[in-house]
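Reviewing the structure listed below.
The values are calculated or read from the model by the stated rules, or taken from the named source; none is laboratory data. Remember, predicted model here, so these are calculated numbers, not experimental data. All Cβ positions, even for glycine, are placed from backbone atoms using ideal geometry, and neighbour counts span all protein chains on display. Remember, those area values only see protein heavy atoms, side chains included, never the ligands or the DNA or RNA. Shrake-Rupley method; radii C 1.70, N 1.55, O 1.52, S 1.80 Å.
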Amino acid sequence: MEELTARAQDVPQLRVAGMTKDFVVRGEETRLRALQDVNLDVRSGEFVVLLGPSGCGKSTLLSILAGFQQATSGAVLHDGAPIVAPDRSRTVVFQDYALFPWMTILDNVAFGLKAKGMAREERHEVARRYLSLVKLEGIEARYPHEISGGMKQRAAIARALAPEPDILLMDEPFGALDPQTRVLLQEEVAKITHAEKKTVLFVTHSIEEAVFLADRIVVMSARPGRIRDVYCVDLEKPRTAETRKLDTFVRLSEEIWESLRPEWQTA
Ligand code: ADP
Ligand code: MG
């Protein structure tokens, strides 16, 4: 029995093993290799940031983990089971918000709960709770075009959290925001994901964003994307505005930049 328990704990929540992804490109003989031999284990509650130059396959990797597309070869597992389709235990936040323009903010956040079989009143109650968690009270009845980019991204985060997923997949969620809003949202996400004990895979181009948020930073090489380096970020959680002033924060950001500079100059 003890042995079984120990073994169950050995299974990482997410496992990517020897994974390769090729695309067939129209009008071309050869396939385009987007990802090559990717190996990554993520444990429950861990915040992993993927950092890499444009086109190295970060979005492709996230989309395979979401179940939107399949790997060409290798294993992609959630709690030991192959990921073959999207599931509400893994939700996604995209850079362009992806809110439904014809729905109010409240209905957008409540949308994913329908599949859980909740009645309308209950869906709205849960949605209100998550809107309050991302500090968006009072705008439930508005439509996406009536609120700012920062608020839209807060709403998108509330929508991703509402179905209570195990894993949150975030693809450059703050890429379109102004720098000040971005910093505030980083702090919110750090706080919320820590409090809610979510496992997060987060894609960014920003080294400082990566160091601020991550337990582990996975640096990918230019196409075909491979894991090049892994950095463990030994900063106390939850991270706050004070974190950015710490020596460890500044030093690690510089170290990563120095190591990436040559590759990003050529990518
Ligand atoms: P990143 O998110 O790191 O910028 P992507 O995952 O979007 O990179 O893309 C990785 C590579 O795969 C790029 O060269 C891109 O053009 C290619 N790619 C992505 N999706 C497709 C597709 N559906 N068909 C063909 N090529 C694709
Ligand atoms: Mg991308």
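What to note about this one:
- Any chance Met103 is away from ligand 1 (no atom under 16 Å from the Cβ), over 24 Å from Glu208 (Cα atoms) and surrounded by 14 or more Cβ atoms within 10 Å (Cβ to Cβ): yes
- Residue among Ala98, Ala119, Ala110 that alone is farther than 20 Å from Met19 by Cα and within 16 Å of ligand 1 (Cβ to nearest atom): Ala98
- Some residue of the stretch 128-151 being within 16 Å of ligand 2 (Cβ to nearest atom) and either at pLDDT 95 or above or within 30 Å of Pro224 (Cα to Cα) (or both): no
- Cβ-Cβ under 7 Å pairs, at least 6 apart or on other chains, the stretch 59-76 side free of Cβ contacts under 8 Å to residues at least 60 places away in the same chain, far side within 13 Å of ligand 1 (Cβ to nearest atom) and assigned to a helix (DSSP H, G or I): Gln69/Ser63; Gln70/Ile64; Ala71/Ile64
- Here Val49, Val76, Val38, Val84 are screened, and the one residue that is within 16 Å of ligand 1 (Cβ to nearest atom) and either part of a loop (DSSP other than H, G, I, E, B) or within 15 Å of the chain's Cα centre (by Cα) (or both) is Val49.
- Some residue of the stretch 28-45 being out of contact with any strand residue (DSSP E or B) (no Cβ under 9 Å at 6 or more places or on another chain) and of a type outside the set (Ser, Thr, Tyr): yes
- Members of the stretch 231-261 that are of a type in the set (Lys, Arg) and in contact with a Phe, Trp or Tyr (Cβ under 9 Å, 6 or more places away or on another chain): Lys237, Arg239, Arg244
- Residues of the stretch 72-83 that are open to solvent by 30 Å² or more (accessible area, probe 1.4 Å) and either hydrophobic (A, V, I, L, M, F, W, C) or within 13 Å of ligand 2 (Cβ to nearest atom) (or both): Ala75, Leu77, Ala81.
- Extreme residue, nearest to Val200 (Cα to Cα), among residues of the stretch 20-62 that are among the basic types (Lys, Arg) and within 14 Å of ligand 2 (Cβ to nearest atom): Lys58
- Residue list for the stretch 52-71, restricted to those being in a loop (DSSP other than H, G, I, E, B) and surrounded by 16 or more Cβ atoms within 10 Å (Cβ to Cβ): Gly52, Pro53, Cys56, Gly57, Gly67, Ala71
- The single condition among (1) open to solvent by less than 50 Å² (accessible area, probe 1.4 Å); (2) among the small types (Gly, Ala, Ser); (3) under 26 Å from Ala190 (Cα atoms); (4) not in a helix (DSSP H, G or I) that Ala110 does not meet is (4).
- For the stretch 233-249, the set of residues classified as in a helix (DSSP H, G or I) and under 23 Å from the mean Cα position of the chain (by Cα) consists of Ala241, Thr243, Arg244, Phe249, listed by residue number.
- Within the stretch 236-267, the residues that satisfy the criterion of being surrounded by fewer than 17 Cβ atoms within 10 Å (Cβ to Cβ) and of a type in the set (A, V, I, L, M, F, W, C) are Ala241, Leu246, Val250, Trp257, Trp264, Ala267.
- Taken over the stretch 167-199, the criterion of being open to solvent by 10 Å² or more (accessible area, probe 1.4 Å) and not in a helix (DSSP H, G or I) is satisfied by Asp171, Glu172, Gly175, Ala176, Leu177, Asp178, Glu196, Lys197, Lys198.
- In summary, Val93 fulfils each of the numbered conditions (1) within 12 Å of ligand 1 (Cβ to nearest atom); (2) modelled with pLDDT under 95; (3) open to solvent by less than 50 Å² (accessible area, probe 1.4 Å) with the single exception of condition (1).
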